[in-house]
Amino acid sequence: MPIASRLALALLLPALLVNLAVFLVPMGNLALLSFQQASAGGALLGGFTFATWAKMFGDVFYAELVLDSVTIALSITALTLLCAYPIALFIYRTPERWKNLLIVACVSPLLVSAVVRTYGWMVILGDGGLVASILRGLGMVKPPRMVFNTTGVVIGLVEILMPYMILALIAGFGRLNASLEEAAASLGARPFTVFRRIVVPLTLPGIMLGCLLAFVLAVSSFITPKLLGGGRVFLLATEIYDQAIVTLNWPVAAALSLVVLVIFGIALLLYGRLSRAIA
Amino acid sequence: MGKALFHVLVAAMLVFLLAPVLLVIPMSFSADKVLAWPPSGFSLKWYAAMLEERGLAEAARNSLVLALVVTTATLAIAMPAALAIDRWRFAGRDAILALLTAPLLLPTIVLALALLIIFVGAGLLGTWPGLVLAHMLVTLPYGVRVLSTSLSTLPASVEEAAASLGAPPSSVFRRVTLPLMVPGLVATCAIVFLVSFDEVVISLFIVGPQLVTLPVALFRYVESRTDPLVAAVSTLLVVFTLAIVLILDRAVGLRRAVGK
């Protein structure tokens, strides 16, 4: 081994050791754990068994949990795209001077903790909140409940994921070209036709990247579903927390974690396939 | 006409995006006992109440100390690693960079559970070393990534000039490389500090009854009670974060700092 390589390895060693201790070993252990047996009190009994997986496959609750999580994450992704797309398009077309300021404004919520932003949504959506008082002012006697249910979780997460989506969209808008839009318009295409036939196809790479990002973040999100769901919305991440901290059923928590990772893998695979298809 | 409609839509979406953060600030001056908008009056009572909450003050101090320790430790470990990754071509270099940044690709809830299970066995739950290690799981990838990006943008010619004039490698690093890296270092410190100070999911799994961080304390408070007290804390946090970002911008310029 040449001197340079040995020096490089020495410089890398501390980082690799930390990575081993807090990443590789814990993740490996987690993967194995779903195949171990646990006593009712939570103690691990060792051995190798498919009991946890068999129990989960036999229990309709878990099938519904996975289905609900994926469905809610997909709706959140679609809504985030709808809300973020106009902003991204506007920013992309803004002159350079204002562009940076707008991007900073859109990304600034990322600097505020998810707990604080979720709390902000309680202020807005809560029973005595902004939206409810506006609805009452408009004459509605009993405004619909918007917190501690799926509606609140979806609204909160869409807002929380918007900065990611905006960044991904702008990054993927490189193919957009004003002269193509002008050409279509001068040939008689109406604005909406130009948007549908020119703008959307050219921005597809950004759309897909943003959707991938929003989906994986939504399907594994924890803080917002836990707080805005008020314990009534059951998603994969909240269930992992409950199984690990409340029920102390680690094999089930570990198995659910692997399910989340599999969903991540499927999303990545689909993204790769679709990217190649449109390239 | 269509253009005006588009602008209204953009404005509405921007309001939607910024509303929760912006609304928290006036809420913190509410005189009410519960979360209600509009407040019946304005006062500073929730700022006073915040100071009375012993648990919150202690959690804030813990978070501050933790973020400082994590930043120092991350820098000490990420700097040599970034140097190795940027300066030496060795077999498996890309694989090592991928491994070191991999934790950022995985959901924090899964990482948190994996750490919890290992920490229980190692007796690290609810301890300072445990929290520092747990935070480094997410700060180290940022540190390695930002520092190696910042190193790769340095002009190699300056270092070569110093070396060709007879400076030994250690002097080149200390007198040339390090001063050139100051913007990257400041940016790394700020990012790592904020990531650690804001970390909540992993902390929730790792903290113990004696050792709680501010985000965890806030999470638990919001989970059990909804009153304007958290708005007061949130407002201070927003101001605090803004101050760090402004200092960063003043010191090195934001675009330069994040390596562009």
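Which of (1) of a type in the set (Lys, Arg); (2) more than 18 Å from the chain's Cα centre (by Cα); (3) closer than 29 Å to B:VAL233 by Cα is the odd one out, the single condition A:ARG117 does not satisfy?
Only one criterion is unmet by A:ARG117, namely (2).
Within the stretch B:89-101, which residues are of a type outside the set (S, T, N, Q) and closer than 17 Å to B:LEU147 by Cβ?
To start, the set of residues in the stretch B:89-101 that are of a type outside the set (S, T, N, Q) comprises B:89-100.
If the condition is that a residue be of a type outside the set (S, T, N, Q) and closer than 17 Å to B:LEU147 by Cβ, then B:ARG93, B:ASP94, B:ILE96, B:LEU97, B:ALA98, B:LEU99, B:LEU100 are the ones that fit.
Which residues, taken from the stretch B:195-218, are within 7 Å of another protein chain (Cβ to nearest Cβ) and either under 16 Å from B:LEU236 (Cα atoms) or surrounded by fewer than 23 Cβ atoms within 10 Å (Cβ to Cβ) (or both)?
Listed by number, the residues that qualify are B:ASP198, B:VAL200, B:PRO215, B:LEU218.
Quick check: is even one residue across the stretch B:75-97 among the β-branched types (Val, Ile, Thr) and more than 9 Å from chain A (Cβ to nearest Cβ)?
No, the conditions are met nowhere in the stretch B:75-97.
Among the helices (runs of 4 or more DSSP H) confined wholly to the stretch B:43-131, which include 2 or more residues that are surrounded by 22 or more Cβ atoms within 10 Å (Cβ to Cβ)? It would help to see each step written out before you state the result.
Details: elements: B:45-52, B:54-87, B:93-101, B:108-122.
Fully inside the stretch B:43-131 and qualifying: B:54-87, B:108-122.
Consider the stretch A:250-260. How many of its residues are farther than 16 Å from B:THR108 by Cα and more than 10 Å from every other protein chain (Cβ to nearest Cβ)?
Let us first name the residues in the stretch A:250-260 that are farther than 16 Å from B:THR108 by Cα, namely A:250-252.
Narrowing further to those that are more than 10 Å from every other protein chain (Cβ to nearest Cβ): A:251-252.
Counting residues in the stretch A:250-260 that are farther than 16 Å from B:THR108 by Cα and more than 10 Å from every other protein chain (Cβ to nearest Cβ) gives 2.
Give the residue, chosen from A:VAL147, A:VAL154, that is within 21 Å of the chain's Cα centre (by Cα), touching a residue at least 40 places away in the same chain (Cβ under 8 Å), in a loop (DSSP other than H, G, I, E, B) and closer than 26 Å to B:VAL200 by Cα.
Numbers: A:VAL154 fails: in a loop (DSSP other than H, G, I, E, B).
Exactly one residue qualifies, and that residue is A:VAL147.
Checking B:VAL34 against (1) crowded, with 18+ Cβ neighbours inside 10 Å; (2) part of a loop (DSSP other than H, G, I, E, B), which single condition isn't satisfied?
So B:VAL34 meets the others, but not (1).
Just checking, which of A:LEU125, A:LEU135, A:LEU102 is farther than 27 Å from A:ALA267 by Cβ, surrounded by 15 or more Cβ atoms within 10 Å (Cβ to Cβ), more than 8 Å from chain B (Cβ to nearest Cβ) and over 27 Å from the mean Cα position of the chain (by Cα)? Even if it seems obvious, please write down each step before you answer.
Numbers: A:LEU125 fails: over 27 Å from the mean Cα position of the chain (by Cα); A:LEU102 fails: over 27 Å from the mean Cα position of the chain (by Cα).
None of the others qualify; the one that does is A:LEU135.
Would a scan of the stretch A:248-265 turn up a residue that is over 12 Å from the mean Cα position of the chain (by Cα), of a type in the set (Val, Ile, Thr) and over 18 Å from B:LEU113 (Cβ atoms)?
For the stretch A:248-265, residues over 12 Å from the mean Cα position of the chain (by Cα), of a type in the set (Val, Ile, Thr) and over 18 Å from B:LEU113 (Cβ atoms): absent.
Kindly indicate whether A:THR52 is closer than 27 Å to A:SER220 by Cβ, more than 8 Å from chain B (Cβ to nearest Cβ) and in contact with a strand residue (DSSP E or B) (Cβ under 9 Å, 6 or more places away or on another chain).
On the way: closer than 27 Å to A:SER220 by Cβ: yes; more than 8 Å from chain B (Cβ to nearest Cβ): yes; in contact with a strand residue (DSSP E or B) (Cβ under 9 Å, 6 or more places away or on another chain): yes.
Judged against the criteria, A:THR52 is a match.
Filtering the stretch A:109-122 down to residues that are modelled with pLDDT of 85 or more and within 23 Å of A:PRO86 (Cα to Cα), which residue is farthest from the other protein chains (Cβ to nearest Cβ)?
Taking the candidates together, the pick is A:LEU110.
Show the residue pairs meeting these rules: Cβ distance below 8 Å; 6+ apart or different chains; first residue within the stretch B:181-203 and under 25 Å from B:LEU154 (Cα atoms); second residue outside any helix (DSSP H, G or I) and among the small types (Gly, Ala, Ser).
Filtered contacts from the stretch B:181-203: B:PRO183/B:GLY253; B:GLY184/B:GLY259; B:ALA187/B:GLY259.
Results for (1) in contact with a helix residue (DSSP H, G or I) (Cβ under 9 Å, 6 or more places away or on another chain); (2) acidic (Asp, Glu); (3) within 12 Å of chain B (Cβ to nearest Cβ); (4) closer than 21 Å to A:ALA267 by Cα, shown as yes or no for each residue.
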| site | (1), (2), (3), (4) |
| --- | --- |
| A:THR151 | yes, no, no, no |
| A:ALA184 | yes, no, no, no |
| A:THR203 | yes, no, no, yes |
| A:VAL216 | yes, no, yes, yes |
| A:LEU248 | no, no, yes, no |
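Tell me the residue from B:VAL110, B:VAL144 that is hydrophobic (A, V, I, L, M, F, W, C), under 21 Å from the mean Cα position of the chain (by Cα), under 23 Å from A:GLN243 (Cβ atoms) and modelled with pLDDT of 90 or more, please. Let's see the steps before the verdict.
Working: B:VAL144 fails: under 23 Å from A:GLN243 (Cβ atoms).
Checking each option against the conditions leaves just B:VAL110.
Take the stretch A:157-176 and flag every residue that is under 13 Å from A:LEU202 (Cβ atoms) and part of a helix (DSSP H, G or I).
Step one: of the stretch A:157-176, the residues under 13 Å from A:LEU202 (Cβ atoms) are A:169, A:172-176.
Answer for the stretch A:157-176, where residues must be under 13 Å from A:LEU202 (Cβ atoms) and part of a helix (DSSP H, G or I): just A:LEU169.
Starting from residues that are touching a residue at least 24 places away in the same chain (Cβ under 8 Å) and among the β-branched types (Val, Ile, Thr), keep the ones in the stretch B:1-42 and report whichever is farthest from the other protein chains (Cβ to nearest Cβ).
Here the residue is B:ILE25.
For a quick check of your reading of the model, give me the residue pairs whose first member lies in the stretch A:14-35 and is facing another protein chain (nearest Cβ under 7 Å), whose second is assigned to a helix (DSSP H, G or I) and polar (S, T, N, Q), with beta-carbon atoms closer than 7 Å and at least 6 apart or on different chains.
That search, which allows pairs on different chains as well, returns A:LEU30/A:SER257.
The values are calculated or read from the model by the stated rules, or taken from the named source; none is laboratory data. What you see is a predicted model; the values in this text were computed from it and never measured. Every residue, glycine as well, gets a Cβ built from its backbone with ideal geometry; the counts of neighbours run over all protein chains shown.
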